[in-house]
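Written below as C-alpha cells is the structure these notes are about.
The values are calculated or read from the model by the stated rules, or taken from the named source; none is laboratory data. What you see is a predicted model, and the numbers here were worked out from it, not measured in a lab. So basically every Cβ, Gly included, is an ideal-geometry build from the backbone, and we count neighbours across all protein chains shown. Heavy atoms of the whole protein, side chains included, go into the accessibility calculation; ligands, DNA and RNA do not. Shrake-Rupley method; radii C 1.70, N 1.55, O 1.52, S 1.80 Å.
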Amino acid sequence: MVGGFLGLGGGIVLVPFLTTIFKMPMHQAVALSLAAIMANSIVSSNNYMKKGMVDFKLVTPLCIFASVGAILGSNVSVYIPGDYLKIVFAFAMTYTAFTIIRKKRNEREREVGDAEPGLTSVAVIALFAGVFSALLGVGGGIIIIPAVYLLLNYDIGVARGSSAFTIGITATAGSIVYLLNGTLQLDSVGPVIIGLTAGGWVGSWLGARAKSLVVRYVFAAAMLYLAVRMFLQGIE
Amino acid sequence: MAKFEVDQGILKLQRIILILVMMVLALAVIIGMYDAKIGYYLGYTAVILLIIAAPIRIIAVSKYFKKRNDRRYELLSYIVILIIILTAIIRAII
C-alpha cells in the first residue's frame, strides 16, 4: 500500500518485513520482492494512468538508463566501500526529504505540451538512479521520484506514476535471473504477490487522488525512514 | 497538475494481464494447500507471465508512439526490450 501510494515498488517495506519477521534470507526476500514489484507496477501504473499521471516520454528513457546504471552500479560496488556510501547517502536523503517539503507551492511545474525535458538530462538522472540503487541496495523509485520532481520540475504525481510504470520493467531482468538460479521461492509467490498487489491497488488509488502536499510529506517521511535505516546499516 | 494522454489500449492490456496473473496465483494458493507440487508450478507460471508482461507492455508503449508518429521514442521503446534481455544475460553471467 505504501509502495502504491508513493509510486515505489513496495520493497522498502516488504524486504525488512520478510527478513525480520519471517527470518527469510536477504537474497530470497529481494527475489520475492522483485517478483511482487512486477505485479504491483501493473496495478499501480493503471491507477495513475487513468488520471493522466504517466508520461511515456519519461518512462522510456528511464527504463533504458536505469537498467544500464544498475549494471554499472553492481560492477562498481566491489570497489566502493558500501558502508561509508550508505552514511553519506543517508545525509543526502535527509537533505532531499526536507527540500521536497520546502519546495515552493507556486513554483511552475512542467505542463503537457511543454518542451520535452531532453533525453540527456533524463539519461543522466536515470543512470545515477540505477547506479546508486545497485550500490545501496534500494529500489530505483526512491531516487527517481525526487530527481524527476526536483530536477526536471515534473509534478510529483507524474513522477510517481511514471516511476510506478518504470520499476515494473526494470525489475524484470533481476526476476529472470532469480527465477533461473532458483533463488525465487515459488511456493511463497502466491500469497506475497496477491497481498502486495491488493495493497498496491488501494495505495495507488489513494495516491492518484491525494493532494500534492500530502504526498510530499508522506514521501519525505519515507525518505527519512530509509535514511535512518541506511545510516544504522552504515555504522553497524 | 499536468495530465498526460490516457491510452485505453495500454490500460486494457494491463488489466487483462493482471486478471490472468491473479487468477493463476489464486489457483496456486488454493491448489497448493492440497498439492504443493501443482501449486509450485502454478506459481512458476504466474512469474513467467509477469516476466512476459514487461516486453508486452513496452510493445504497447511503442504502438502508442507509433500512433503519434514519434519514430524516435518508438525506437527507444524497442531498445528497452533489448536492454531487459541484455541485463538478464549480463546479471546471469556476473
Checking B:Tyr34, B:Tyr64 in turn, the sole residue that is over 29 Å from A:Ala210 (Cα atoms) and either open to solvent by less than 10 Å² (accessible area, probe 1.4 Å) or not hydrophobic (A, V, I, L, M, F, W, C) (or both) turns out to be B:Tyr34
Being modelled with pLDDT of 85 or more, assigned to a helix (DSSP H, G or I) and not basic (Lys, Arg) narrows A:Leu18, A:Leu58, A:Leu14, A:Leu85 down to just A:Leu58
If you go through A:Met53, A:Met24, the only one that is aliphatic (A, V, I, L, M), in a loop (DSSP other than H, G, I, E, B) and surrounded by fewer than 24 Cβ atoms within 10 Å (Cβ to Cβ) is A:Met24
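Yes/no matrix, rows are residues, columns are (1) assigned to a loop (DSSP other than H, G, I, E, B); (2) modelled with pLDDT under 95; (3) among the hydrophobic types (A, V, I, L, M, F, W, C); (4) touching a His at 6+ places or on another chain (Cβ under 8 Å):
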{"residue": "B:Val6", "(1), (2), (3), (4)": "yes, yes, yes, no"}
{"residue": "B:Gly9", "(1), (2), (3), (4)": "no, yes, no, no"}
{"residue": "B:Ile31", "(1), (2), (3), (4)": "no, yes, yes, no"}
{"residue": "B:Gly39", "(1), (2), (3), (4)": "no, yes, no, no"}
{"residue": "B:Leu50", "(1), (2), (3), (4)": "no, yes, yes, no"}
{"residue": "B:Pro55", "(1), (2), (3), (4)": "no, yes, no, no"}
{"residue": "B:Ala60", "(1), (2), (3), (4)": "no, yes, yes, no"}
{"residue": "B:Phe65", "(1), (2), (3), (4)": "no, yes, yes, no"}
{"residue": "B:Leu76", "(1), (2), (3), (4)": "no, yes, yes, no"}
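Checking the structure you have, find out if any residue of segment A:79-88 is of a type in the set (A, V, I, L, M) and facing chain B (nearest Cβ under 10 Å). Please lay out each step first, then the result.
First, pick out the residues of segment A:79-88 that are of a type in the set (A, V, I, L, M): A:80, A:85, A:87-88.
Okay, now just the ones that are also facing chain B (nearest Cβ under 10 Å), so none.
Within segment A:79-88, none of the residues are of a type in the set (A, V, I, L, M) and facing chain B (nearest Cβ under 10 Å).
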inquiry  = Regarding segment A:195-205, can at least one residue be identified that is over 30 Å from A:Pro117 (Cα atoms) and of a type in the set (Val, Ile, Thr)?
reply    = yes
Open item on the list: Looking for something out of contact with any helix residue (DSSP H, G or I) (no Cβ under 9 Å at 6 or more places or on another chain) and basic (Lys, Arg) - is there at least one such residue anywhere in segment B:2-11?
Closed with: no
Just one listed residue, out of A:Ala220, A:Ala147, is over 24 Å from A:Ala39 (Cβ atoms) and under 12 Å from the mean Cα position of the chain (by Cα), and it is A:Ala147
Checked segment A:157-208 for anything in contact (Cβ under 8 Å) with a residue 24 or more places away in the chain, open to solvent by less than 40 Å² (accessible area, probe 1.4 Å), within 10 Å of another protein chain (Cβ to nearest Cβ) and outside any helix (DSSP H, G or I); matches are A:Leu184, A:Ser188
